[in-house]
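Everything below concerns the one structure shown next.
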């Protein structure tokens, strides 16, 4: 590969977008040891030659022009629903049943829908016990959804144990809002 | 009445999908337009909605093509026309959220919304182009790579 100094060999562009959740992350662009950190909305970097990274700024309008089809092809974002459980059981809290119709509607409007059922626990009990309990909650929930007509093959289960509390607590604190199953439709 | 309708139509909607996601699959195609293919162990498969994407796959689009994939960690990855994207590595533990996601955009355009892997670890997701390597710190970003035109 030959590099002609002063003449661009590449047309590379890297753009950080504002996060849809209101938070903008960061992207580190590195070319042969040269680095730029992009950490504000529409911060961008051009690489015209390998080993040079120029910080620039893009905009909503420019991004649409440069990346329109790739952005239009973005899959619909996953949506999560939460069902709650009675303490130390895999029994639904009664108010959770009403959510099931909403979940069905969400599934019906997506192409090639997948359902991921993720069990969570509060921090009462040891980690390995809670990993098992969270998985049992997810599996229990899968049985219910299968009874309601969703093919088993579309559903996967996971147990997150006590790692992802909705309400952070000290260890061994009972917290009903953390005893939940997340149904992610994507 | 409405829920009865949903209950009736849903099994049909779901039965229509071809591919079935298994644990070793990296993701699934959710959008597809124009010419779009998956290259897998020397074979070319149409990149249709519902098709699974695996580690090692290369996604290729034509001048009118685009593809959007949702990965198992909820990363959303889409490519525009005349693009080539290789899924070099995808490992995801759904309990701990640990693993690795390496992809290479050889040419064209790419849009990414990073998922649970990048959220768990700053080192987990890497995107390469022929000119650069990107470190992903939990974020949405765009990439264009290609030779300069005269």
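The values are calculated or read from the model by the stated rules, or taken from the named source; none is laboratory data. The structure displayed is predicted, hence computed values, not measured ones. We place every Cβ from the backbone using ideal geometry, glycine too, and count neighbours over all the protein chains shown.
It is to be established whether one or more residues within the stretch A:83-90 are facing chain B (nearest Cβ under 8 Å) and either within 29 Å of residue B:136 (Cβ to Cβ) or not in a loop (DSSP other than H, G, I, E, B) (or both).
No: zero hits.
Can you tell me which residue in the stretch A:136-153 is farthest from residue B:96 (Cα to Cα), limited to those that are within 13 Å of another protein chain (Cβ to nearest Cβ) and surrounded by 20 or more Cβ atoms within 10 Å (Cβ to Cβ)?
Taking the candidates together, the pick is A:150.
Any idea which of B:103, B:131, B:118, B:86 is at pLDDT 95 or above, within 17 Å of the chain's Cα centre (by Cα) and not in a strand (DSSP E or B)?
Sole residue among the options that is at pLDDT 95 or above, within 17 Å of the chain's Cα centre (by Cα) and not in a strand (DSSP E or B): B:118.
Filter the stretch A:14-23 down to the residues that are over 12 Å from residue B:134 (Cβ atoms) and either within 7 Å of chain B (Cβ to nearest Cβ) or exposed (fewer than 15 other Cβ atoms within 10 Å of the Cβ) (or both) and list them by number.
Within the stretch A:14-23, A:17, A:19, A:20, A:21, A:22, A:23 meet the criteria.
Residues that are out of contact with any helix residue (DSSP H, G or I) (no Cβ under 9 Å at 6 or more places or on another chain), surrounded by 16 or more Cβ atoms within 10 Å (Cβ to Cβ), farther than 30 Å from residue A:11 by Cβ and at pLDDT 95 or above: does the stretch A:56-77 have at least one?
Within the stretch A:56-77 (the criterion being out of contact with any helix residue (DSSP H, G or I) (no Cβ under 9 Å at 6 or more places or on another chain), surrounded by 16 or more Cβ atoms within 10 Å (Cβ to Cβ), farther than 30 Å from residue A:11 by Cβ and at pLDDT 95 or above), the answer is yes, since at least one residue qualifies.
Could you list all residues from the stretch A:24-43 that are facing chain B (nearest Cβ under 9 Å) and touching a residue at least 24 places away in the same chain (Cβ under 8 Å)?
Those that are facing chain B (nearest Cβ under 9 Å) and touching a residue at least 24 places away in the same chain (Cβ under 8 Å): A:29, A:38.
Can you tell which of A:122, A:171 is touching a residue at least 40 places away in the same chain (Cβ under 8 Å), surrounded by 20 or more Cβ atoms within 10 Å (Cβ to Cβ) and more than 12 Å from chain B (Cβ to nearest Cβ)?
Exactly one residue qualifies, and that residue is A:122.
Any residue at all in the stretch A:82-101 that's touching a residue at least 60 places away in the same chain (Cβ under 8 Å), surrounded by fewer than 19 Cβ atoms within 10 Å (Cβ to Cβ) and within 20 Å of the chain's Cα centre (by Cα)?
yes
Considering only the stretch B:67-91, how many residues are in contact with a helix residue (DSSP H, G or I) (Cβ under 8 Å, 6 or more places away or on another chain) and free of Cβ contacts under 8 Å to residues at least 40 places away in the same chain?
3
Is it true that residue A:165 is under 22 Å from the mean Cα position of the chain (by Cα) and surrounded by 15 or more Cβ atoms within 10 Å (Cβ to Cβ)?
The answer is yes for residue A:165.
Can you name the condition, by its number, that residue B:61 falls short on among (1) closer than 19 Å to residue A:28 by Cα; (2) surrounded by 21 or more Cβ atoms within 10 Å (Cβ to Cβ)?
Here residue B:61 clears every test but (1).
Going by the structure shown, is residue B:53 closer than 25 Å to residue A:80 by Cβ and either within 10 Å of chain A (Cβ to nearest Cβ) or buried (at least 18 other Cβ atoms within 10 Å of the Cβ) (or both)?
yes
Provide a single number: the residues in the stretch B:86-106 that are at the interface with chain A (Cβ under 10 Å from one of its Cβ atoms) and closer than 20 Å to residue B:61 by Cα.
Number satisfying all stated conditions: 1.
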